[in-house]
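To keep things clear, I will list the structure first and then write my remarks on it.
All of the numbers you see were taken from the coordinates with simple rules; none came from a lab. The structure presented is a predicted model; accordingly, all values stated were derived computationally and were not measured. Cβ placement follows ideal geometry from the backbone for every residue including glycine, while neighbour counts extend to all protein chains displayed.
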Amino acid sequence: MNGCRICGGRVEEFLDLGPQPLPDAFLLPEELGEEYFHRLAVGRCTGCTVVQLTGEVPRERVFHHDYAYRSAQSGAMREHFARTALGFADTELAGRADPFFVEIGCNDGTLLRNVAAAGIRHLGFEPSGGAAALARSQGARVREDFFEAATAAAVREEEGPAHVVYSSDTISQIPYTASLLAGVDALLDPDGVFVFDDPYLRDMIEKTSFDQICNERFYLFSVRSVTAMAERYGFELVDAVRLPGYGGGMRYVLARAGARTPSPEVARLRAEEEELRLTEPETLRAFAASVLRIRDELTALLRRLRAEGRSVAGYGATAKSATVTNLCGIGPELVPYVCDTTPGKQGRLSPGVHIPVVPPETFTADYPEYALLFAWSHAEEIIAKEQGFRAAGGKWIVYVPEVRVLES
Ligand code: SAH
Ligand code: TYD
Ligand code: ZN
């Protein structure tokens, strides 16, 4: 096993989720038979405690031109991004002569279009050509590249220092931390901030939301591990804010070491993690045992429904659902289709288990008796939008934090 990608320490595996496909690699029917699988296992670093995958998928395999994920599909996330962009405009960027905002992993421009509309100088890094083209069509300036030491230094050279470097749900997907933070160091103004939002380890443990683990996300961060990461590369964690999105997320705010006074929230959240023994081996082993229990309960429920002749559909062809379906062996015989609003996923087959992806209209035209909510992190928005399903007698099945049939 390789050493920790943050500190070089020893990584101890605590959960093996078996061979798994790339969670955003939706297949055309004629592409069957050419699928890439990679053993998905997670461990904890005995040094800095960061939770990380024990193996790495080459980045070009994941974030290529047709990478399927699109940020704009959730209304709640669109609002989160608008609030985030306007928040920076009113605080960090306000009062500067010529502020410069950089986003790492801007995807389809759902956040950056707000920055562009406010007339703020900006640049998005986005390696996926399909996503980058959409961002440009929204008025955003995009560099179709991976953010890393060399590309960040080139932008610093051409455009000067950035005052805010922001990233959503992307830093946890970048294993090459040394190069990433060398890039932030090269690009960031001496008084600038590096802010990133990602799923929070505490939420994953407390909800047993093991589907946050997939061959796309390399790290599951905690306040403790991000503190260690920042210190190692000349930064300091100066603020941390829990976020309701991301299935339970955290915003980490980094500044250059010594440049700002840390908020008391950092120490408070860190103390809570200690109290919970969040990154202790026994906590992670207990989590692993809960994952296997949920796998068994969900599989048993779906088999029982099939034996009873009930109709079931999947809701949301999430990256997360790849982990669940491949771990549990849930294919079209148990869940005949999954509906999803993302045009680039529709008409394709889900990775590994090959459940056909259809538009939501298929679901509303002929409701099944049960809908398995793979897009559980958007539960409120989806259940509100699909009131007709419950009105017609339909029942939601969830598996986070427990396997349950929701009684309306
Ligand atoms: N920020 C968006 C998208 C998250 S998905 C949101 O929160 O909804 C992760 C995105 O990061 C993808 O669009 C992927 O292509 C991009 N990405 C992956 N590695 C990157 C890197 N090194 N630099 C910049 N973008 C990267
Ligand atoms: P998401 O949970 O954000 O992340 P991930 O793919 O990383 O696990 O994915 C949401 C998926 O659910 C996305 O494919 C769009 C889909 N979706 C719908 O089909 N309808 C909806 O109303 C919402 C909010 C999402
Ligand atoms: Zn480490």
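Points to keep in mind about this one:
- The value given for the chain is a Kirkwood hydrodynamic radius of 21.9 Å, derived from the mean inverse Cα-Cα separation.
- Working note: Karplus 6.51/-1.76/1.60 with θ = phi - 60° gives segment 356-362 the couplings x, 9, 10, x, x, 4, 4 Hz, where Gly and Pro are set to x.
- Antiparallel bridges, percent of DSSP beta bridges restricted to the chain (to nearest 5): 50
- Taken along its three principal axes, the alpha carbon spread of segment 61-259 comes to 45, 39, 32 Å, from the longest extent down to the shortest.
- Dividing the convex hull volume of the alpha-carbon atoms in segment 161-253 by its residue count gives 85 Å³ per residue.
- Rounded to the nearest Hz, the phi-derived 3J(HN,Hα) couplings of segment 28-44 under the Karplus curve 6.51 cos²θ - 1.76 cosθ + 1.60 (θ = phi - 60°) are 7, x, 6, 8, 4, x, 10, 7, 9, 10, 8, 5, 9, 9, 10, x, 10, where x marks glycine and proline.
- Sequence-distant residues sharing a close amide H with Val195 (under 5 Å, placed H): Val165, Tyr166, Ser167, Leu254
- FRET E, pair His38, Arg232, Förster distance 45 Å, beta-carbon r, rounded to 0.05: 0.95
- Over the residues of the chain, the helix contribution to mean residue ellipticity at 222 nm works out to -10500 deg cm²/dmol, using -39500 (n - 2.57) for each DSSP H run of at least 4.
- Cα extents for segment 283-406 along the principal axes, largest to smallest and rounded to whole angstrom: 43, 30, 30.
- In this structure, Arg304 and Ala97 have a Cβ-Cβ separation that, at R0 = 51 Å, corresponds to a calculated FRET efficiency of about 0.20.
- Cβ-placed point charges (K, R +1; D, E -1), dipole of the chain about Cα centre in debye, nearest 20: 480
- Considering only Ala97, Ala117, Ala178, the mean-square fluctuation computed in a Gaussian network model of the chain, springs between alpha carbons under 10 angstrom, is largest for Ala97.
- For the chain, the cysteines with no partner cysteine C-beta closer than 4.7 Å are Cys106, Cys214, Cys328, Cys339.
- Amide H contacts under 5 Å for Gly249: Tyr200, Leu243, restricted to partners 5 or more places along the chain or on a different chain, H placed in the peptide plane at 1.01 Å from N.
- Karplus 3J(HN,Hα) series, Hz, for segment 281-292 with 6.51 cos²θ - 1.76 cosθ + 1.60 (x for Gly, Pro): x, 5, 5, 6, 5, 5, 4, 4, 5, 5, 4, 5
- Computed over segment 22-160, Kirkwood Rh from alpha-carbon pairs, angstrom: 17.2
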